[in-house]
Amino acid sequence: MELNEAIRRIFGQHWRLIAAFVACGLALGFVVHWSHARSYTASTRLALDTQDPKSQSESTAISDTADALATSPALVSRALADAHVRDRDASKIAASHVSTRALGTSGILQLSVSDRDPGTAAAVANALAARVIAARLGVTRGTTDQAVANLDQRIQTLNRQIAGLDSQIDALNVRAATALSPTAANDFRAKRDDASRNRDFLTEQRTVFETERANVTSGAALLPKPTVISPASAPTHADSTGASADIVLGLLLGAILGVGLAALLESVRPTVVGGEALAAQFDTPLLGTVRSAPDGSPVLVDLVRLAERLRLVASAEHVKTICLLPASDGIDAAGLAAELDVFARPLDDADPDEPLAAAVHGGGSPSKPGGRRAQRVEQSDPTVRVLPFESRSFATSNGHGNGRARAQSKGVVLVCPPVVKQDALAAARHLLRINPGRLLGLIEYSCAPPRGPQVDLSEWELP
């Protein structure tokens, strides 16, 4: 099937179906956004206590960390309390109205909060940014502070022990100096030496703890300081609802479904559109098209042109009678045959001033014909007759040979509407196969079905 034929069959015959699906898709796009309330989005920029990322993956990891903190319902609930907002559901806001993204490959994050009130959106965004920073510090700096506190506690304990040993050493020195006997003095000196050794050991431990505390403190000092770089302000413009994109998507979806269904219908019940395609179906030439005038009657120019072609094909095929076979209901084959029969007759001695001659030779439209036209038609000796198809006109009589000769002197011209279903052509095909007359061509009949009695042109009279 050629592309032009497919377009004519799918779009030309099923444009109402496609238009209905497109309209449904547009309506669906409008309905989806019909009840959406207007919302505003406030954004703040912040930095966490992380090193500058060196790749996109590191930047994404930082953003994911911030997003995990910002979308925590507990954290959002605290931020709502800090912003003095009490008529909002923290779970819904955390699930649908909070987002965090990294700005490029940097470590700067943008935290956004949307709400139906612009002031509320800005207040919650700023409060949530502060909560995110505090929660991040609680995770990363909490162990550092605890380690420093433990080291300070141990150092203070060692200081108390060292101070006690110092007092003990001083007392032993005094007692050794005032001892009454050398033996007692030696005992006091031995105890003093033991206390001195314990003091030195505790001093070494204190030095180790102080060094460890200094290392932990310096390591924490090297970490970046988390801060809010740009606080959020109340937005002045509402967010885009995305209605345009959804409407376009609905339009495309409706068009795809409509075209698909039309193509499916054409696959199940194919349609033949246009005279060229119909002629190709029967492997016969297209003789012409009969169009409809404003009053519903066939256009005279088409009848004149078609009559000329019928005379030409009759002369080429050596037939004297052409029978018009309608391919479907609604075709006035009898009326068309009567009109073509008039124009197919020769008018050798016609007066150019008469309406019929002017119509045939100049393409005009005749006025009401009179008796002189009818008299000329009766007196002429037609070489071609155009009649409606009747099965009995091909039946043999008076011997098979004479009947067959009469049948072969007749030809059949198929008259089809511009659009015909494939199954509607089956009856015409079967009739043509058993018909002894030859198929001479095809006429595309675009006129509307007749609504009243047909007028016989031979009965018209000139005033």
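Residues in segment 83-105 that are β-branched (Val, Ile, Thr) and in a strand (DSSP E or B): Val98, Thr100.
One residue alone among Arg451, Arg433 is at pLDDT below 70, of a type in the set (D, E, K, R) and assigned by TED's automatic domain parsing to the domain that holds Cys323, and that residue is Arg451. When restricted to residues that are surrounded by fewer than 21 Cβ atoms within 10 Å (Cβ to Cβ), within 23 Å of Ser409 (Cβ to Cβ) and either in contact (Cβ under 8 Å) with a residue 40 or more places away in the chain or not assigned by TED's automatic domain parsing to the domain that holds Arg433 (or both), segment 289-308 contains 0.
Out of curiosity, is Val419 closer than 23 Å to Ala307 by Cβ, at pLDDT 70 or above and surrounded by 13 or more Cβ atoms within 10 Å (Cβ to Cβ)? In short, no.
Scanning segment 231-281 for residues that are assigned to a helix (DSSP H, G or I), among the polar types (S, T, N, Q) and loosely packed, with under 14 Cβ neighbours inside 10 Å gives Ser244, Ser267.
Taking the listed residues Ala179, Ala171, the one that is over 30 Å from Asp82 (Cα atoms), part of a loop (DSSP other than H, G, I, E, B), over 60 Å from the mean Cα position of the chain (by Cα) and not assigned by TED's automatic domain parsing to the domain that holds Leu75 is Ala179, with no other qualifying. Of the residues that make up segment 107-126, is at least one part of a loop (DSSP other than H, G, I, E, B) and in contact with a Pro (Cβ under 9 Å, 6 or more places away or on another chain)? Yes, there is a match, as at least one residue in segment 107-126 is part of a loop (DSSP other than H, G, I, E, B) and in contact with a Pro (Cβ under 9 Å, 6 or more places away or on another chain).
With respect to the conditions (1) surrounded by 17 or more Cβ atoms within 10 Å (Cβ to Cβ); (2) part of a helix (DSSP H, G or I); (3) not assigned by TED's automatic domain parsing to the domain that holds Arg9; (4) not charged (D, E, K, R), Cys323 falls short on a single one, namely (2).
So which residues in segment 108-139 are among the β-branched types (Val, Ile, Thr), surrounded by 15 or more Cβ atoms within 10 Å (Cβ to Cβ) and under 24 Å from Leu48 (Cβ atoms), if there are any at all? Matches in segment 108-139: Ile108, Val113, Val124, Val132, Ile133. Ser63 falls short on exactly one of the conditions (1) closer than 24 Å to Ala234 by Cβ; (2) buried (at least 17 other Cβ atoms within 10 Å of the Cβ), and that condition is (1). Looking across segment 309-320, just one residue is touching a Gly at 6+ places or on another chain (Cβ under 8 Å) and either without any contact (Cβ under 8 Å) to a residue 12 or more places away in the chain or not in a helix (DSSP H, G or I) (or both), and that is Val319. As for segment 110-117, it holds no residue that is among the acidic types (Asp, Glu) and without any contact (Cβ under 8 Å) to a residue 60 or more places away in the chain.
The values are calculated or read from the model by the stated rules, or taken from the named source; none is laboratory data. For clarity, every value in this text was computed on a predicted model and none was experimentally measured. So basically every Cβ, Gly included, is an ideal-geometry build from the backbone, and we count neighbours across all protein chains shown.
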